[in-house]
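Each value in this text was obtained by applying a stated rule to the coordinates, not by laboratory testing. Because the structure is predicted, anything quoted here is derived from the model rather than measured. As a convention, Cβ positions derive from the backbone with ideal geometry for all residues, glycine included, and neighbour counts pool all protein chains shown.
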Amino acid sequence: MLGEYYRNGELFIAKLIRRREENKAFLTTDEVLKDVKIDDEFIKENFREPVIEFLGRSNVSERSTEGVIIDLFRKYFEVSGNVKKKMLFSMDIECEGDLNESVIPEKLKNRFKTEGFTLSEGAAVTKRKENEWVIGDKERFVVRKKAGKLNIYANTILYASFLNTKRGVCSYCGKETEVFDHISYIFPLYRKIDSITPDEAKLRFCKKCGFTLYCGMAYLYKKGKSKARKAEKNIRFFFYSHDFDALEEINKHFNNQEMLDVSNYNEINTNRFCVSAFHPYETLFVTLFEFVKYLKRKNLIKDVGEVIKNVKLILAAGSGQIYSHRSIEGNILDKLTRFFVTIIEESERIYKGIERNKRPKKEGPADLIFSGFFKNLTINKGDFGEDCRLREEFTRHLFSEGMDFITLSAILMERKKNNQRFPPYYTNFIVTYMEVFGMDKELFERINRLGYELGKEMRGTNLENFVWEIHRARGAEQFYTSLVELQAKLKTSIDLRPINEYEKGWREAKAILLNGMLNAIYGGKRNE
Ligand SMILES: [Zn+2]
């Protein structure tokens, strides 16, 4: 994951250099990177730039202080309270009394000045705990009493990280050079497990690699804050491509006002999305649907369709102990795009056919199938996270070219129990997905039809409860026995061949059959 993230940093650094150096304005990213020099000067001059991209101009400006930026970081990254601080200098203990009375003694102010830091008029000192004070100014300083001395530490991005180096081997490029190991701002997706990591296994970076990784945040997208009460709500993702042009292109298109919150730049703006979601995969799924919808409206499907095959998406989710990441390859992104385009076009066609006064009020023409189906996959548990848990499980499979009929069946049974409606456009959604992903949809259609036909005969009779009998069947034999029994009660004969032919096993065949039945029993009008 580090290498993929690094690539985003390189892309951004090339952009910075093109912007600053006129003679390089027309070079390609590869050409610019060939002789890039990242020294202290460059870092000091540019360290705010990726932050502005990531957190938005309303939060950060060219003049924002490191203290302001660190406070913002703490909302989004897992920056531990005990960030390593650079010790600037030591003083005699005599100042302690002043500090306790919230006074910064002149002697200390002067010492700051000789060390190259100027405290502003508004600088104030507060006691944080025994033997520790904080000087809250535009730069943050911590004073600690230790062994009869007062040590002054800087709590800043530059002095804690890039400028606080010692000899060592860079974990990224492998060079032996000046490296630093305070990396919580550098690679925000790295879990801080310092306490259990042996010293030699800790990641440390040289200035060039460290600053490049740090710049990766310019193309990092997020939903939720790291400290959100429900960690599952947090997602972070970024794109990767071996081809810089493709990477730039996909980011350019994703960085639009409809996808992102303009006041909070790289935060995904879900307010306008047609379905609200809670967990990582379902949030990403809805986000990609909305992205494709946007591309389609802007006539960009063809351009981006070519690019997306060469791109992959890396998703990191959760925070604290619950944390995982997953990479979604270009061929999946490409198929998902085609799947979304197909259901959008079909939705628009269906929408046109609905009488004007009967058209849904909330959903737009493009949303009909997606929203109708996906929104109705939640169950009623009284807590949104719980309501969405099964849908999350179902969606996770959609990112792996899989249709999880068994989870889907669990959702539909649960919804039936709670008197929630059967998800409209069930068949449209599934058949289109299977078509685009090259799955055998024929057998699905046969079993689905069989279930639907049976369901039609059961509808309105006391045999409706038979779905529970089938649902509870614990083995293949029990499943077949229940079908034979149903057959006898309906005084009809069922052609069980499609079920026998279903190679993926009786459980999945049972799920498809049940879903078809439920669709007929409580699905309202046939929607195709
Ligand atoms: Zn390096």
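A few notes on this one:
- Assigned charges on the beta-carbon of Lys, Arg, Asp, Glu; the range 440-522 dipole about Cα centre (debye): 180
- Working ranking of peptides 354-361, 162-169, 239-246 by packing, defined as the average number of other Cβ atoms within 10 Å per residue, highest first, is 239-246, 162-169, 354-361.
- Each of TRP506, TRP133 has some number of other Cβ atoms within 10 Å of its Cβ, and from fewest to most they run TRP506, TRP133.
- From its DSSP helices (H runs of at least four residues, each -39,500 (n - 2.57)), the chain gives a residue-normalised ellipticity at 222 nm of -14000 deg cm²/dmol.
- The dipole here belongs to the chain: it is taken about the Cα centre, uses +1 on the Cβ of Lys and Arg and -1 on the Cβ of Asp and Glu, and is about 1220 debye.
- Antiparallel DSSP beta bridges within the range 225-417, as percent of all bridges there, nearest 5: 100
- The shape of the range 86-154 comes out rounded: with a ≥ b ≥ c from the C-alpha gyration tensor, a/c is under 1.5.
- With the largest listed first and rounded to whole Å, the semi-axes of the equivalent ellipsoid of the chain from the Cα gyration tensor are 56, 26, 20.
- Antiparallel content of DSSP bridges confined to the chain, in %, to 5: 100
- The residue among LEU88, PHE289, LEU450 whose Cα reaches farthest toward the positive pole of the charge dipole of the chain, with charges on the beta-carbon of Lys, Arg, Asp and Glu, is LEU450.
- Each other residue within a Cβ distance under 11 Å of VAL307 adds +1 if Lys or Arg and -1 if Asp or Glu, for a net charge of -4.
- Shape class for the range 407-523: oblate, because the ratio a/c of the largest to smallest gyration tensor axis (alpha-carbon atoms, square roots of eigenvalues) is 1.5 or more and b/c is at least a/b.
- Burial order of peptide ranges 379-385, 273-279 (average beta-carbon count within 10 Å, highest first): 273-279, 379-385
- Leading residue at positive end of dipole, the chain (Cβ point charges), from ILE268, ASN23, LEU368: LEU368
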